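So the structure is just underneath, and the comments pick up after that.
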Amino acid sequence: MATSTTQPRAGRRLPDSPRPPRRVGFSQTLGRWDVKVSPYLYISPFFLLFALTGLFPLAYTAYVSVYDWHLLGGQGEFVGFENFAFVFQEPNFWKGLRNTFSIFLLSTIPQLMVAVVVAALLDANLRARTFWRMGVLVPYVVAPVAVALIFGKLFADQSGLVNTVLGFAGVEPIKWHGSVLPSHAAIASMVNFRWTGYNTLILLAAMQAVPRDLYEAAVIDGASRLRQFFSITIPQIRPTIIFVVITSTIGGLQIFDEPRMFDQTGQGGPGRQWMTVTMYIYELGFGNQKSFGRAAAVAWVLFLIILAVGMLNFWLTRRIASESTPKQARKKVKR
Amino acid sequence: MSAPSVPYIRQTAGASAARFAKRTRGYGSERRPGWVTYLLLTVAIIGSILPLYYAFLLASSDASTIAQNPIPSLIPQGNFLENAGKVLAADINFWKALTNSLIVAITTSVSVVLFSTLAGFAFAKLRFRGRNGLLLFVIATTAVPTQLGIVPLFIVMSELGWIGKLVAVIVPGLVTAFGVFWMTQYLESALPYELIEAARVDGASMIRTFWSIALPAARPAAVMLGLFAFVGSWTNFFWPFIVLGSTNPTLPVALQLLQASYFKDMSLIMAGVVLSTIPLLVLFVVAGRQLVAGIMAGAVKG
């Protein structure tokens, strides 16, 4: 298309035939060079940057993980899998893994359920619909650190708002910081607060792409609202649900900000009851130990775990996609 | 075949038939939802705003009141400005953090928009060897948890002498895979080949074509992408926390410092939270519409 031609109707590309009708001048050579090289030039920033700050660090993590490497001292001796062996026998590593998955499940599953319901509500023919859509998105612009500070106070063991309200209902104060599962629930609620609205809008967009005549046919067949929701809406938006699950998996398994800020010491609690794997990486590499080798070993393990979970998701996607769901309509239905 | 529309029924069968048709219309057509829907949505919105309001309540109170009662009062008290002043005067470089956050967020969003549009223009409209494979690669990288490369990234930054400098935070965010993919998607449909050809016929170079044709055509998507990049940069904590340290913080890092040194005074911490959130709330009021549209557009394509 974009080759220099004096005849715009001559098609997208001049055939590379050996008989150019005109003399090839310098400016034309320059023009051809421009056409050939420019695309690569334009995409190169991304690839260079990704190589430098994404790919190389990840690959190099594997290298660092088999060395005795100190934050200040730099590269030391080759130690093989010693770093891995060290972290695998550390109870804190396994605690971190447990906490990460627990927080992840507590945030993903309820969040998805609420998001689907709110999206269904927003999918109605609302008055002032932009207002409602914007309303659910407000938490997205609050930094996770800020959210964690607010919720850390809400879920304070003593004099926290949640415990006070529970006290009105006659419930004993819950140790939101002191015990394992409550602390996970509190941290998961921060994630849910920030991301439910965002995912709601993604799901809403998918719902709006569902062909409306499906609902009309269902109404004629006498299907109730609830039946329509479970038999039409959910199956139709399944690919989007899986997309949301995959993105929250990649992010959720690396969670750091919220648990780091849940108390002022940032250790994940005195018994490490809410310390996540990424917090453990930070502690190994930049905390007291300053052991880059061990931090890299854990990072590499977490990378493999995320890869495995991601592949599991991908496999599920393929299976479900080929099984039932018709291809999603591409055009957004305007109403 | 779909049922006849309500106006059509009104024309052919009269007003009362139209009213009946309107009432019995199925889910998702003309019918307005009942009050239950609005009630539930109101609850959802209160849930998304209440924590922020609570933060403001605490920020406008004082430490001793908060210690006695977790709900100091339902209406804001008068101490917010005083607390905010204390935060700004505290030894955590809050002013510097604010400036730093602005610098980082503005630089990254401008750069993300520019480089992503450039790459998106190439992927969407130019023909070159390996295009499809490279685009697939870009999409695949959105799923790579690059945060896990922090140890070597830190080593790289320390080799470059960038530890504690803003450039260490800016550079990794200069262009994103999401941005490239986003702009490719948009320009594919929004930029007609005829326009590019016309520019080329007029003798414009490739870069001139990009600057005068593709970039203006990309404006709506570019604005959204810039907003996402801005919010993402403003709220980013993990990497700035590691590489910047306490002397040259961004806002989230400053909030961490505030929490570490003033954890006894909740009103002060909350004043910091409110102060750091206000700029994005203002942005949200101005451009929240674009954010909503952006998320919804991205979802349908993704």
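Among the listed residues A:138, A:118, A:162, A:145, which satisfies the condition of being in contact (Cβ under 8 Å) with a residue 12 or more places away in the chain, over 27 Å from residue B:290 (Cβ atoms) and either not in a loop (DSSP other than H, G, I, E, B) or not hydroxyl-bearing (Ser, Thr, Tyr) (or both)?
A:162
Restricting B:125, B:96 to those that are among the basic types (Lys, Arg) and within 11 Å of another protein chain (Cβ to nearest Cβ) reduces the list to B:125.
Only one of the numbered conditions (1) modelled with pLDDT under 90; (2) on the phi > 0 side of the Ramachandran plot is violated by residue B:144, and that is (2).
Quick one: which helices (runs of 4 or more DSSP H) lie wholly within the range B:40-156 and hold at least 1 residues that are touching a residue at least 12 places away in the same chain (Cβ under 8 Å) and farther than 30 Å from residue A:255 by Cα? Walk me through it before giving the result.
Working: elements: B:63-68, B:80-89, B:94-125, B:131-141.
Once the helices (runs of 4 or more DSSP H) in the range B:40-156 are filtered for at least 1 residues that are touching a residue at least 12 places away in the same chain (Cβ under 8 Å) and farther than 30 Å from residue A:255 by Cα, what remains is B:63-68, B:80-89, B:94-125.
Candidates in the range A:161-199 are the residues that are within 14 Å of chain B (Cβ to nearest Cβ) and of a type in the set (Gly, Ala, Ser); of these, the one that is nearest to residue A:133 (Cα to Cα) is A:197.
Restrict the check to the range A:250-262 and report whether at least one residue is in contact with a Leu (Cβ under 8 Å, 6 or more places away or on another chain) and modelled with pLDDT under 90.
Here is the first cut: in the range A:250-262, the ones in contact with a Leu (Cβ under 8 Å, 6 or more places away or on another chain) are A:253-254, A:261.
Subset that is modelled with pLDDT under 90: none.
Looking through the range A:250-262, none of the residues is in contact with a Leu (Cβ under 8 Å, 6 or more places away or on another chain) and modelled with pLDDT under 90.
In the range A:125-137, the qualifying residues are those that are under 15 Å from residue A:202 (Cα atoms) and hydrophobic (A, V, I, L, M, F, W, C), and the one that is nearest to the chain's Cα centre (by Cα) is A:137. Listed by first and then second residue, the pairs linking a residue in the range B:237-249 that is among the polar types (S, T, N, Q) to a residue that is crowded, with 24+ Cβ neighbours inside 10 Å, with Cβ atoms under 8 Å apart and 6 or more places separating them unless they lie on different chains, are B:246/B:253.
Which residue out of A:261, A:275 is aliphatic (A, V, I, L, M), more than 10 Å from chain B (Cβ to nearest Cβ) and buried (at least 20 other Cβ atoms within 10 Å of the Cβ)?
Working: A:261 fails: more than 10 Å from chain B (Cβ to nearest Cβ).
Selected residue: A:275, the only one of A:261, A:275 that is aliphatic (A, V, I, L, M), more than 10 Å from chain B (Cβ to nearest Cβ) and buried (at least 20 other Cβ atoms within 10 Å of the Cβ).
Inspection of the range B:209-218 finds a residue satisfying the criterion of being hydroxyl-bearing (Ser, Thr, Tyr) and more than 9 Å from chain A (Cβ to nearest Cβ).
For (1) among the hydrophobic types (A, V, I, L, M, F, W, C); (2) touching a residue at least 60 places away in the same chain (Cβ under 8 Å); (3) in the same structural domain as residue A:97 (by TED's automatic domain parsing), each residue gets a yes or a no:
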site	(1), (2), (3)
A:180	yes, yes, yes
A:196	no, yes, yes
A:209	yes, yes, yes
A:223	yes, no, yes
A:226	yes, no, yes
A:231	no, no, yes
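The condition (being within 11 Å of chain B (Cβ to nearest Cβ), closer than 30 Å to residue B:262 by Cβ and under 26 Å from the mean Cα position of the chain (by Cα)) is satisfied by just one residue among A:243, A:256: A:256. Within the range A:247-298, the set of residues being over 26 Å from residue A:154 (Cα atoms) and touching a Pro at 6+ places or on another chain (Cβ under 9 Å) comprises A:250, A:292, A:296. The set of residues in the range B:164-191 being within 11 Å of chain A (Cβ to nearest Cβ) and not in a helix (DSSP H, G or I) consists of B:174, B:175, B:176.
For residue B:173, indicate whether it is modelled with pLDDT under 95 and closer than 19 Å to residue B:109 by Cα.
On the way: modelled with pLDDT under 95: yes; closer than 19 Å to residue B:109 by Cα: yes.
Here the answer is yes, as residue B:173 does meet what is asked.
Taking the range B:59-85 as the range and being farther than 20 Å from residue A:167 by Cα and either surrounded by 13 or more Cβ atoms within 10 Å (Cβ to Cβ) or facing chain A (nearest Cβ under 10 Å) (or both) as the test, the residues that pass are B:59, B:60, B:61, B:62, B:63, B:76, B:77, B:79, B:80, B:82, B:83, B:84.
In the range B:235-260, the qualifying residues are those that are among the polar types (S, T, N, Q) and under 22 Å from the mean Cα position of the chain (by Cα), and the one that is farthest from residue B:283 (Cα to Cα) is B:256. Yes or no: the range A:152-159 includes at least one residue that is assigned to a helix (DSSP H, G or I) and out of contact with any helix residue (DSSP H, G or I) (no Cβ under 9 Å at 6 or more places or on another chain). No, the range A:152-159 has no match at all. In the set (1) out of contact with any Lys or Arg (no Cβ under 9 Å at 6 or more places or on another chain); (2) facing chain B (nearest Cβ under 10 Å); (3) buried (at least 23 other Cβ atoms within 10 Å of the Cβ), the condition left unmet by residue A:145 is number (1). Kindly indicate whether residue A:130 is free of Cβ contacts under 8 Å to residues at least 24 places away in the same chain and either within 25 Å of residue A:239 (Cα to Cα) or in the same structural domain as residue A:189 (by TED's automatic domain parsing) (or both). In short, yes.
The values are calculated or read from the model by the stated rules, or taken from the named source; none is laboratory data. Fair warning: this is a prediction, and the values are worked out from it, not measured in the lab. Note that we place each Cβ from the backbone using ideal geometry, even for glycine, and neighbour counts take in every protein chain shown.
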